[in-house]
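Worksheet for the structure shown next.
The values are calculated or read from the model by the stated rules, or taken from the named source; none is laboratory data. Here the structure is a predicted model, which means the values were calculated and not measured. Here the Cβ positions follow ideal geometry from the backbone for every residue, glycine too, while neighbour counts run over all protein chains shown. The area values use the complete protein model at the heavy-atom level, side chains included, leaving out ligands, DNA and RNA. Shrake-Rupley method; radii C 1.70, N 1.55, O 1.52, S 1.80 Å.
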Amino acid sequence: MDEILYEVDDRVGIITLNRPAVANAQNMALLDALDAAWSRAAADTDVKVVLLRANGRHFSSGHDLKDRWPAPKEITLEWIYSAETRRYLEYTLRWRNVPKPTIAAVQGKCIAGGLMLCWPCDLIVAAENAEFSDPVVHMGIGGVEYHGHTWELGPRKAKEILFTGRAVTAEEAEQVGMVNKVVPLDQLGTEALELARQIARMPSFGLRQAKRAVNQSLDVQGFYAAIQSVFDIHETGHGNALSVTGYPILTRLDAMKERLKGQ
């Protein structure tokens, strides 16, 4: 089964995460295929708007840690830094700067690495059951690699969700401006596609200019530099964990899952 699906519907390029059996957890193969799909949509002259969605109950449970690391004795900070620079920094910034409007349609859980799929998109439509969280402080890491937290939520709310690991509801995300629209779950697909089609009726060059204007304004405020510098802060978390335990995170995953069950 293809882990990433791609189709074009009425000038909308639709990219679909297709690992529903594991809540669309992101292994490296999926991320490579996703990046290829983004590049395809960016180059496709029949596409004016890109819609990112996911099959199954959940948008994404984040990084697939079973796939992520080599054998413990082979793990080095240099290996981690190289692999994560490519897939978690370069990919996400490239998706953010695709010169076409982009929309993420999010349902169910969107955990940690899942944020790195929807945050680079220009707009987010969320189902009423959507929940957004980044619980990796439990692992001794200060947040996922693409630090959109402060920009998406504001500094105090960003600190709150990082310090506590709690989830942000779709309604709360809309209130702080992270989500554009909240819709019933059974209407998520049609609402997101209708928004994409509405935008696709606008002139392509005007859309491209508008997107660049907003992104450049954020970059002037420090977004681009901050994303890169905080990525390096993230990597020091792996370095600290390696020095303490010989493994890139400080906690056992089963123990973290038990703590999260009560939240």
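Is there a residue in segment 75-84 that is within 23 Å of Asn55 (Cβ to Cβ) and touching a helix residue (DSSP H, G or I) at 6+ places or on another chain (Cβ under 9 Å)? No, segment 75-84 contains no residue that is within 23 Å of Asn55 (Cβ to Cβ) and touching a helix residue (DSSP H, G or I) at 6+ places or on another chain (Cβ under 9 Å). Please enumerate the residues belonging to segment 240-252 that are touching a residue at least 12 places away in the same chain (Cβ under 8 Å) and either outside any helix (DSSP H, G or I) or open to solvent by less than 20 Å² (accessible area, probe 1.4 Å) (or both). Within segment 240-252, Ala241, Gly246, Tyr247, Pro248, Ile249, Leu250, Thr251 qualify.
Against the numbered list (1) closer than 17 Å to Cys121 by Cα; (2) open to solvent by less than 20 Å² (accessible area, probe 1.4 Å); (3) free of Cβ contacts under 8 Å to residues at least 60 places away in the same chain; (4) among the hydrophobic types (A, V, I, L, M, F, W, C), Leu52 comes up short only at (3).
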